[in-house]
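These notes are about the structure you will find just below.
The values are calculated or read from the model by the stated rules, or taken from the named source; none is laboratory data. Just so it is clear, the model here is predicted, and its values are computed rather than measured. Every residue, glycine as well, gets a Cβ built from its backbone with ideal geometry; the counts of neighbours run over all protein chains shown. Please note that ligands, DNA and RNA were not included when accessible areas were found on the heavy atoms of the full protein model with its side chains. Shrake-Rupley method; radii C 1.70, N 1.55, O 1.52, S 1.80 Å.
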Amino acid sequence: MRAAVFEGTREIHVRDVPEPTLGPHDVLLKPMYVGICGTDLNAWQYGMFESGVTIGHEFSGEVKEVGRDVTKWSRGDRVVPNSLLPCGECGYCVKKRYSLCSDMQMVGISMNGGMADLVSVPEGILYRLPKSVDYRKGAMIEPLAVVTRAFDRAQLEKGTTVLILGAGTIGLLSLLVAKDRHAGRVIVSEVKPARLNLAKSLGADDTVNPLEESLSLRLESMTGAQGADIVVECTGAPGPSSETFKLVRRGGTILVLGICEAPVEADFMTGVLNELNLQFSYLGYAEFPKAIQLVNSGRINPAPLITRVIPLERVVEDGFELLTSPSCSDVKVLIQI
Ligand SMILES: [Zn+2]
Ligand SMILES: [Zn+2]
């Protein structure tokens, strides 16, 4: 069978590999659609993943076969796997802080993931995909769980002004979640015009291109010099990450979701004087059912974020190389298996 195997920096290859073996509590899946995530792009650019692993942690699939002791699942079931396998026993897991687990396994990162004809996963990480949620939307559940968790942590209140920096998948899902939670006004800042247009069509109240105008001046004119109640950092770049301190109002919250490789300069004096809340958020785990429910109910429609669907053979050229080129305006690229 075919699998996209991670073999080091800029080394991802579609190889012929043996079919997975099935333990008594495992389920054999045929992946349907698999998203390429920013984390995958980081691995492509900087290493990080275990060499030899099949990548892909954002995916939907169909059950092909079940292990001897599996009772809950059967052939033909439509599912979404959780991307995390926390140990369930460490101090963090006991406190339900699963994303901090000291012995965590991650699908498509430390164990084989979905960019393959078949993948075997433990039965316990599967969720049923309702009929109304197609397989493409199913591949968007993982990033939606990440954003759902982040907004739970930031405790967004009704009517607040939200400024989102970066309109990639996480930024645009933040827009949808902020709207769903009745934010008063959602402003999106992004340097790529195509992404700004997408943000507008998804309901952003204002959009700003910081290459064309000063974001802080524009924000000042919109909010009367106060700044945003919540600034959501989704660029993962040092410049915008530092700027958040200037864009948030007194007593407001900086919610950081972007993963920045380089150190970020932080204006702690402003932070103290303005009593800012600096909230970081990493991954999603317990939020998967909530994310499925949000899509199933129609409250969140992640489909417009899918800007390209490609076959597995093209994963490097039309996936990783395209998404890491500076001119790329795509948001979510899905692999159709
Ligand atoms: Zn991801
Ligand atoms: Zn643990």
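Taking Cα centre as origin and charging only the Cβ of basic (Lys, Arg, +1) and acidic (Asp, Glu, -1) residues, the dipole magnitude of the chain rounds to 1120 debye. Considering the options 333, 85, 130, tell which one lies farthest towards the positive end of the dipole of the chain, charges being +1 on Lys and Arg and -1 on Asp and Glu at the Cβ, about the Cα centre. So the residue we want is 130.
Per-residue 3J(HN,Hα) values for region 134-144, derived from phi via the Karplus relation 6.51 cos²θ - 1.76 cosθ + 1.60 with θ = phi - 60°, read 6, 4, 5, 4, x, 6, 9, 5, 4, x, 5 Hz in sequence order (x marks Gly and Pro). Note on the chain: Kirkwood radius taken over Cα pairs, Stokes-Einstein applied at 4 °C and 1.567 mPa s, translational D equal to 63 µm² s⁻¹. Maximal additional length on extending the residue 293-residue 152 stretch stands at 49.2 nm, based on 0.36 nm per residue less the C-alpha distance.
Placing a pseudo-label 7 Å from each Cα along the Cα-to-Cβ vector at residue 246 and residue 301 gives an inter-label distance of 3.8 nm. Scalar couplings 3J(HN,Hα) for region 211-227, obtained by applying the Karplus form with A = 6.51, B = -1.76, C = 1.60 to θ = phi - 60°, are 7, 9, 8, 6, 5, 5, 5, 4, 5, 4, 5, 7, 10, x, 6, 8, x Hz; x denotes Gly and Pro. Of the three principal axes defined by the Cα atoms of region 147-280, the extents in descending order read 38, 30, 30 Å. Could you check how much of the accessible area of the chain is carbon and sulfur, as a whole percent, using a 1.4 Å probe? Accessible surface attributable to carbon and sulfur in the chain totals 49 percent.
In square angstrom, what is the accessible area per residue of the chain with a 1.4 angstrom probe? Please list the in-between numbers first.
Working: 14870 Å² over 337 residues.
Per-residue accessible area for the chain comes out at 44 Å².
Considering only 37, 234, 90, the mean-square fluctuation computed in a Gaussian network model of the chain, springs between alpha carbons under 10 angstrom, is largest for 90. Sorted largest first by accessible area at a 1.4 angstrom probe radius, with every protein chain in place, the residues 244, 307, 270 fall in the order 307, 270, 244. What is the local net charge at residue 131, summed over the other residues whose Cβ is closer than 15 Å to its Cβ (Lys, Arg +1; Asp, Glu -1)? With Lys, Arg at +1 and Asp, Glu at -1, the neighbours total +1.
For region 254-292 and region 140-178, compute the distance between their C-alpha centroids and round to whole Å. After rounding, the separation between the Cα centres reads 11 Å. The gain in end-to-end length when the residue 180 to residue 13 segment is fully stretched comes to 56.2 nm, 0.36 nm per residue minus the alpha carbon separation.
Entry note, the chain: the mean residue ellipticity at 222 nm calculated from DSSP H runs of n ≥ 4, each adding -39500 (n - 2.57), is -7000 deg cm²/dmol after division by the residues and rounding to the nearest 500. Extending 7 Å from the Cα toward the beta-carbon at both residue 74 and residue 103 defines two label points whose distance is 3.5 nm. Residues whose amide H lies under 5 Å from that of residue 129, counting only those 5 or more places away or on a different chain, are 78, 79, 80; hydrogens are built 1.01 Å from N in the peptide plane.
So for region 211-270, what percent of the C-alpha to C-alpha distances run longer than 20 Å? Working shown, then result.
Working: 414 of 1770 pairs.
Summing the P(r) tail past 20 Å for region 211-270 gives 23 percent.
Beyond 30 Å between alpha-carbons counts as too far, so tell me which of 30/158; 192/246; 95/290; 30/179; 95/158 fall in that bin. From the list (30/158; 192/246; 95/290; 30/179; 95/158), the Cα-Cα distance tops 30 Å for 30/158; 30/179. Normalised by residue count, region 1-139 yields a Cα convex hull volume of 113 Å³ per residue. What separates the Cα centres of region 186-205 and region 233-249 is a distance of 17 Å.
Relative contact order of region 147-280, please, whole-number percent, based on alpha carbon pairs below 8 angstrom and at least 6 residues apart.
Relative CO of region 147-280 lands at 23 percent.
Accessible area of residue 246 (1.4 Å probe, protein heavy atoms only, ligands and nucleic acids ignored): about 150 Å². Global size of region 60-192: 17.6, 52 Å for Rg and Dmax (C-alpha atoms, Rg to one decimal, Dmax whole). Positive-end ranking of 256, 230, 269 along the dipole of region 184-337, with charges on Cβ about the Cα centre, is headed by 230.
Can you tell me the 0 to 90 degree angle between the C-alpha axis of helix 169-180 and the longest principal axis of the chain, rounded to 10? Rounded to the nearest ten degrees, it is 70. Taking the chain as a Gaussian network, Cα atoms linked when under 10 Å apart, which of 213, 142, 65 shows the biggest mean-square fluctuation? The residue with the greatest mean-square fluctuation here is 213.
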